[in-house]
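Colleague: So that we are looking at the same thing, I have put the structure below in structure tokens.
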Amino acid sequence: RFLVFRYKPGTTAQQKRTMLENFIKLYDANKDLFSHGRKGGMKNSTEGFDKGFGGSLFCLIFEEKEHRDQFVTNAEHIKYKFCTIYLSMSAIDLVEDVIVYDLCYGVYGY
């Protein structure tokens, strides 16, 4: 899973930080679904192809497709995206766009 956000204008550094901290907690609570710990970091590209996506990028590899399905339907994952439990706003309220790209590791064909 490749994940990167484009935040809405006006999203504060504190809101981004809180979203990130809770995002890490969410993934760490479900680490048994992944083949390795979360990987990622802060954007530092200078080429200008980021299309406004910024902040942190995450990359995770699910052990199996079933684990991806289990995570996507996980109640805490759904709350993180749509509810205000984790933030004063939901993640959806703070994000203008997101790229979530799930893949089958090592499978490159069509």
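The values are calculated or read from the model by the stated rules, or taken from the named source; none is laboratory data. Remember, it's a predicted structure, so these values are computed and weren't measured experimentally. FYI the Cβ positions are ideal-geometry reconstructions off the backbone, even for glycines, and counts take in every protein chain you see. The accessibility values were calculated without ligands, DNA or RNA, using every heavy atom of the protein model including side chains. Shrake-Rupley method; radii C 1.70, N 1.55, O 1.52, S 1.80 Å.
Colleague: Using a probe of 1.4 angstrom, how much of the accessible area of segment 1-91 is carbon and sulfur, in percent?
Modeller: For segment 1-91, the apolar C and S fraction of the accessible surface comes to 55 percent.
Colleague: In the structure shown, do any of 25/51; 43/65; 16/43 have a Cα-Cα gap over 23 Å, and if so which?
Modeller: 25/51; 43/65
Colleague: Using the heavy atoms of the protein chains and a 1.4 angstrom probe, tell me the accessible area per residue for segment 2-101 in square angstrom.
Modeller: So segment 2-101 comes to 63 Å² accessible per residue, rounded to a whole number.
Colleague: Using 7 Å Cα-to-Cβ label points, what is the residue 79/residue 99 separation (nm, one decimal)?
Modeller: It works out to 3.1 nm between the two label points.
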